[in-house]
Amino acid sequence: MTWDNEISHDKPKGIGGNQIPSTASCGGLDPRQNTSQSLLRVEDLTKHFKVQKNIFEQIKWQDGRIRRVRQVVHAVNGVSLAIDKGETLALVGESGCGKSTLAKTIIGLHQPTAGSIYYGQDEIGGLTGRQRLPYQRRIQIIFQDPFSSLNPRKTVMEIVGRPMLLHGITDKAGLKDAILDILAQVGLDASYASRYPHQFSGGQRQRIGIARALGCRPNLVIGDEPISALDVSIQAQILNLMMDLQEKFDLTYLFVSHDLSVVKHISTRVAVMYLGFIVETATTEEIFDQPNHPYTQLLFSAIPTLDKLYFNEAAGLAEGEVPTPIDLPSGCPFHPRCPNVFNPCRITRPVLKEIAPGRLSACHLNDRA
Amino acid sequence: MNKNATKVLEIEGLKTYFFTRKGVVKAVDDVSFNLEQGQILGLVGESGAGKSITGFSILGLIDPPGRIVNGRIIFQGENLAAKSEADLVKIRGDQISMVFQDPQTSLDPVFTIGFQIKEALKAHQDISEAQALQRAEGLLRTVGIPSPKQRLREYPHQFSGGMRQRVGIAIAMALDPALIIADEPSTALDVTIQAQVLTLMRRLVHQKNSAMILITHDIALVGQFCDCICVMYAGRLVERGSKEQIIKTPAHPYTQGLIASIPGTQERRRRLRQIPGMMPSLVDLPEGCPFLPRCPKAVEDCSERPVLVDIGRGHQAACFRSQAS
C-alpha cells in the first residue's frame, strides 16, 4: 500500500491555492515525469548562519580600534546527496557537523544559502509559503526530543489532526476516524486521543510524533535522531515500528543519527558528514566492513559494541575535536585530526570521488594509492 | 580484582522511598554493592529504574518527599546516611563529586562558566583568584574545550550540549575526588568525543586510584568501560557481576532481553527482538518479581519476591529461573 493510491485530491482545502502546482507537477508522484530514481536530490546545498545578525552586534572594539566583525557559521558546505525511493539513508556525524541543519533545510525550516533541493524534478529549495505546501506534505519530520516537539497545550487529537486538515488529507467530518486510524497504525490506543502529551511516556510521545508525521501521508520521512532520547528497550520498539511502517506505506527514510549501531541495523546506505561536508557515502555493508575515509574509521572504532569487552583507548586517544565551523580549516576539513595527513590535505579540499561503484569518498589518500 | 584493595564505598540494603500523595514510590529498594579503589562500576537500567536515585542517595541529595528509609552507605569508613547536611557539604564536590545527566540544568544560566568552575575550586580549597582562574582554564583544556581562555568568560547558553557536559565533567574532576558518580555523562556526547571523555575519566580514576560509578542505559558502553556491572530494574538490583559475566552469560531475563534488543548485533533490516511493554509504575509494585509482566520465562514462583543469589563466582541474579538452572 502506498499513500498516493489513496489520495484522490492534492489541493489543500480552504487555503485558496491557485498557485499550487497540480498533482501532476508535484514530482515523484507521476511516474511519467519522474525519470530519475531519486526521490529527493540535494545539489551543492550550502547553509551559512551569520553570527552577528545586525550592525550593533557586528561593531566590536578590537586591538584599540573599532572593527566590524562579520563571522559566518559554515553549517552545511556544498552538500550533494540523492535519496532513492524506498531506501533508508543514514546521515551520521558528530554534533555540530551540520546533519540536523541539512535535515531542517531539506524540510524548509531553514532557507538554503546556496544550492538546490529537488523533490523528484521540482526545485523546492527556493519555495516558501503556499508554493511549498504540497511538497511540505510529502516530506515530514520526526524530531529528536519527544518532550519538546509536542505542544503541551494540545491534545493528541489536535496535534495529529492539525496537519491532516491543513494539507487536506481529510475534512472535518472524517477527521476523527482518520486520526484514530493513524494512532492505531503507530500502536496507540484510541482512548489516548483526548489526552495531553505530559500524560505519556517518552516512547508513547515519540509514537505521537510519528503519527503526526504519517498523518500527512508523506513519501519521505526525515528522522532527526528519533530514538536517541528513548530508553534502550523502548528504542527497539520504535525502530521496529519505523521499519514496519516503512514496509507498509512504502516510505523513504532519511535517518539522521549519531548512534552507529542503530544506523547499522536500519539503514541501507550511509552518508558520513564532517564539518558540513559529506566525506563518504556507501552502502551500509561496505562502510561498516571497510570504512574508507579516516574520519569514518575513527568514528567506527569508537562505537561501543558487545563484541569487544575492552575499552578502545586508541579511539579515545585520537586527539583534537571538531574545529569550529566559523573558521573552516584549509584543505581537507578533517586534516587537523587526521592520523594519515600529508601535504595536499592542508592545501586542497578533496572532492567526493567514486572509489568503487556507487561508493564515494573525499580523501586525498585515495589518489595517492 | 585485587582482594587487598581498599573498599571506597559499601552500600548495604539501601532503600530510598518517596512518600507521594499517590503512594510510596520505592525508587531504590534494597540495593547493596561494593566499590574498590581504582574500580569502575556500571549501574545499568532504563530511566526510572532507580539508578540516578541511587547516585543521589550516596551524596545525600534526596529531597522531600523522598527519604533514605533504610540502609548504610559506608564511604571511607563512615556512614554517609547518618551524616548531617553540614558534614555532607564538605564531602560533596571534594571527596565525592557528581557529573549530572542534564547539562542544561546542572549549570547556572546566569553565571559564566569560569565563575562556576572557580566556585567549585574555592569552596574547598584556599586558593587565590588568579590560581583558580588558571586551574579552571587547565580543566577546560583537559576536557577538550577549544580556546578555553575565552570560553571561561562565556555563559552556559553559549555552549552546545556536549560542550556543557564537558564543563560539568571539568567541575566534577576539579578537586580529584575519591569517588566520581557519573550520571549518564556521555549520553549527550558523540562517539568520538565520548571515547575521549571516557578515556580521560578512566585515566583519572586509575591515576588517582579513585573510583567511579557510571550510571548509564548503554549496556554496550558499560561492557567496555566498566570492571563490574549492576543491572537495576524497577528500583531493584536484578543482576550483579563482572562485565564478562553480565555481557557473555546474562542470567536475568531482563538483562538477556536488554542485550538481545541492542541493534547492530542482529541480522540487519530485520525486526529487533524487543522487550514487550514498559517498566511498571513504582507506586504499588506487586510483591513479586517486578519484571514478571514482561518476562518470557515467568513461572508460578515469580509471584514471590526473588532475592539476589550467587550463581557462580560472584555472579548474582535475582531470578528463580536462573537460580534453578
Next item on the list: Might you let me know whether region B:294-305 holds any residue that is within 13 Å of another protein chain (Cβ to nearest Cβ) and either more than 24 Å from A:SER201 (Cα to Cα) or of a type in the set (Lys, Arg) (or both)?
Entry: yes
Item checked: Subset of region A:95-111 [more than 13 Å from the chain's Cα centre (by Cα) and buried (at least 22 other Cβ atoms within 10 Å of the Cβ)] -> A:GLY96
Next item on the list: Scan B:ILE113, B:ILE68, B:ILE73 and give me the residue that is over 21 Å from the mean Cα position of the chain (by Cα) and surrounded by 17 or more Cβ atoms within 10 Å (Cβ to Cβ).
Entry: B:ILE113
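Is it true that some residue in region B:31-45 is over 20 Å from B:PRO177 (Cβ atoms) and over 17 Å from the mean Cα position of the chain (by Cα)? Full working, then the answer.
Pass one, region B:31-45, residues over 20 Å from B:PRO177 (Cβ atoms): B:31-32, B:44-45.
If we keep only those that are over 17 Å from the mean Cα position of the chain (by Cα) too, we end up with none.
The answer is no, given that none of the residues of region B:31-45 is over 20 Å from B:PRO177 (Cβ atoms) and over 17 Å from the mean Cα position of the chain (by Cα).
Does B:SER47 satisfy the criteria of being of a type in the set (Ser, Thr, Tyr) and in a loop (DSSP other than H, G, I, E, B)? Don't jump to the end; show me each part of the working.
Numbers: of a type in the set (Ser, Thr, Tyr): yes; in a loop (DSSP other than H, G, I, E, B): yes.
For B:SER47, the condition - of a type in the set (Ser, Thr, Tyr) and in a loop (DSSP other than H, G, I, E, B) - is met.
Given A:GLN144, A:GLN71, which one is within 16 Å of the chain's Cα centre (by Cα) and at pLDDT below 90? So that I can check it myself, show each step before the final result.
On the way: A:GLN71 fails: within 16 Å of the chain's Cα centre (by Cα).
A:GLN144 is the lone residue from the list that is within 16 Å of the chain's Cα centre (by Cα) and at pLDDT below 90.
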Note to self: Looking at B:PRO286 and the list (1) loosely packed, with under 15 Cβ neighbours inside 10 Å; (2) within 9 Å of chain A (Cβ to nearest Cβ); (3) within 27 Å of A:ASP189 (Cα to Cα); (4) in contact with a Ser or Thr (Cβ under 9 Å, 6 or more places away or on another chain), which single condition is not satisfied?
What the structure shows: (2)
Notebook entry, point to check: Which residues, counting only those in region B:259-297, are at pLDDT 85 or above and of a type in the set (Val, Ile, Thr)?
Noted result: B:ILE259
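Quick test for you: out of B:LEU88, B:LEU61, B:LEU41, pick the one residue that is in contact (Cβ under 8 Å) with a residue 40 or more places away in the chain and either assigned by TED's automatic domain parsing to the domain that holds B:ASN209 or in a strand (DSSP E or B) (or both). Full working, then the answer.
On the way: B:LEU88 fails: in contact (Cβ under 8 Å) with a residue 40 or more places away in the chain; B:LEU61 fails: in contact (Cβ under 8 Å) with a residue 40 or more places away in the chain.
After applying the criteria, what remains is B:LEU41.
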Notebook entry, point to check: Within region B:234-244, is there a residue that is touching a residue at least 24 places away in the same chain (Cβ under 8 Å), facing chain A (nearest Cβ under 7 Å) and either in contact with a helix residue (DSSP H, G or I) (Cβ under 9 Å, 6 or more places away or on another chain) or among the charged types (D, E, K, R) (or both)?
Noted result: yes
Next item on the list: Please give the number of the condition A:VAL221 fails out of (1) within 25 Å of B:GLN266 (Cβ to Cβ); (2) of a type outside the set (S, T, N, Q); (3) surrounded by fewer than 22 Cβ atoms within 10 Å (Cβ to Cβ).
Entry: (3)
Next item on the list: Output the residues belonging to region A:126-144 that are more than 19 Å from A:LEU214 (Cβ to Cβ) and out of contact with any helix residue (DSSP H, G or I) (no Cβ under 8 Å at 6 or more places or on another chain).
Entry: A:GLY126, A:THR128, A:GLY129, A:ARG130, A:GLN131, A:ARG132
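The values are calculated or read from the model by the stated rules, or taken from the named source; none is laboratory data. Only a predicted model underlies this, so the values are computations on that prediction, with no experimental measurement involved. A quick note on method: Cβ atoms are made from the backbone with ideal geometry, for glycine too, and the neighbour counts reach across all protein chains shown.
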